[in-house]
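A.B. asks: Below you'll find the structure I mean.
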Amino acid sequence: MDDLAAKKCVPCNSKDLRSMNEELANELITKVPDWNLVNEGDKLKLTRSWKVKTFTKGLEFFQAIANVAEAEGHHPDLHLVGWNNVTVEIWTHSAGGLTENDFILAAKIDTLDLAHLLRIKPK
């Protein structure tokens, strides 16, 4: 579990795929510290928000994430609110909550060079 970005998502149709408990999710969130762990309607999810420079930069941002999501076969919920507020929400729909796949995808998103699309450069 140390290097989540080096791992590969497992197929979500696996019969063995189960959502994790909050204790394990709280351990893994430390590996993706820029993400937030939220409990929404008894479903644990990962969320993260950014401000992009322009509306079209938001679409470029989504395309970069879509490329990673397609390669992993694991797809987040993408939200563009207003013209420059981007939020990504990750959870495994088929498991009804969080799985290791979600943390893997978050870690891979964190490795993307998206600074040129953002209004405020990440630290």
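A.B. asks: Can you pull the semi-axes for the chain, root of five times each eigenvalue of the Cα gyration tensor, sorted largest first, whole Å? Show your work: numbers first, answer last.
C.D. replies: Numbers: eigenvalues 118, 42, 39 Å².
Those come to 24, 15, 14 Å.
A.B. asks: Related question: How high is the relative contact order of the chain, in percent, counting Cα pairs under 8 Å that sit 6 or more residues apart?
C.D. replies: Working: 187 pairs, mean separation 43.9, N = 123.
After rounding, I find 36 percent.
A.B. asks: On to the next question. If neighbour count is taken as other Cβ atoms inside 10 Å, put 59, 117 in order from fewest to most.
C.D. replies: Numbers: 59 15, 117 21.
Listing 59, 117 from fewest to most nearby Cβ atoms yields 59, 117.
A.B. asks: Please give me the summed charge of the neighbours of residue 63: other residues whose Cβ is under 14 Å from its Cβ, Lys and Arg +1, Asp and Glu -1.
C.D. replies: Once positives and negatives cancel, what remains is -2.
A.B. asks: What net charge do the residues around residue 47 carry, taking every other residue with its C-beta under 14 Å from that of residue 47, with Lys and Arg at +1 and Asp and Glu at -1?
C.D. replies: Numbers: positive: 43, 45, 48; negative: 34, 40, 77, 89, 102, 110.
So the environment of residue 47 carries a net charge of -3.
A.B. asks: For every other residue with a beta carbon closer than 10 angstrom to the beta carbon of residue 72, add +1 if it is Lys or Arg and -1 if Asp or Glu, then tell me the sum. List each step's numbers first, then the result.
C.D. replies: Values: positive: 7, 8, 108; negative: 70.
Neighbour charge sum, excluding residue 72 itself: +2.
A.B. asks: While we're here: With the cut-off at 23 Å, tell me which of the pairs 7/51; 7/31; 51/108; 57/108; 45/108 have Cα atoms farther apart than that. Please list the in-between numbers first.
C.D. replies: Numbers: 7/51 28 Å; 7/31 13 Å; 51/108 19 Å; 57/108 19 Å; 45/108 16 Å.
Distance filter (> 23 Å) returns 7/51.
We did not get these values from a lab; they are worked out from the coordinates using the rules stated. These figures come from a predicted structure and were not determined experimentally. For neighbour counting, all protein chains shown are included, and Cβ atoms are generated from backbone atoms with ideal geometry for every residue, glycine included.
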